[in-house]
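Written below as structure tokens is the structure these notes are about.
The values are calculated or read from the model by the stated rules, or taken from the named source; none is laboratory data. Note that the structure is predicted; figures quoted are calculated from it, not measured. Backbone-built Cβ (ideal geometry, glycine too); neighbour counts: all protein chains shown. These accessible areas exclude ligands, DNA and RNA; they are computed on the full protein's heavy atoms, side chains included. Shrake-Rupley method; radii C 1.70, N 1.55, O 1.52, S 1.80 Å.
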Amino acid sequence: MEFAEFAGNYAANEAVLCHIRTRCQEGRPVDVVLFGSMEHVEGFRPGDAIDAGWVSSAAPAIEELLRSRGTENTWQWDDDQSRAVEALKTAVQQG
């Protein structure tokens, strides 16, 4: 399980994500990415990051997905699966 700061505007730039990679019963990889407010993660501070990291170009689309709960999509990723893949890329590659 990994926690990381989610750099963007969501939750007033105090967002965090949690990434878990596991395998299903059939052996296929499964990734779970949860986004939330940093205030709900005891002891986590943005200054704890080892590297400065970068902001994904998909961050605004991911923020829109979270804010609208999937009801809006004004970005080039035109389906939920594409935006989910971008969220996963952010979780495993940002920073």
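Details
- Of all residue pairs spaced 6 or more apart or on separate chains, those with beta-carbon atoms under 8 Å, a first member in region 30-42 that is small (Gly, Ala, Ser) and a second member that is assigned to a strand (DSSP E or B) are Gly36/Ala15; Gly36/Val16; Gly36/Leu17; Gly36/Cys18; Ser37/Ala15; Ser37/Val16.
- Leading residue by the ranking (modelled with the lowest pLDDT) among those in region 52-73 that are open to solvent by 70 Å² or more (accessible area, probe 1.4 Å) and either in a helix (DSSP H, G or I) or hydrophobic (A, V, I, L, M, F, W, C) (or both): Ala52
- Just so you know, in region 23-48 the residues that are at pLDDT 90 or above and open to solvent by less than 70 Å² (accessible area, probe 1.4 Å) include one that is farthest from Ala87 (Cα to Cα), and it is Gly27.
- When residues in region 74-95 are screened for being open to solvent by less than 60 Å² (accessible area, probe 1.4 Å) and part of a loop (DSSP other than H, G, I, E, B), 2 of them pass.
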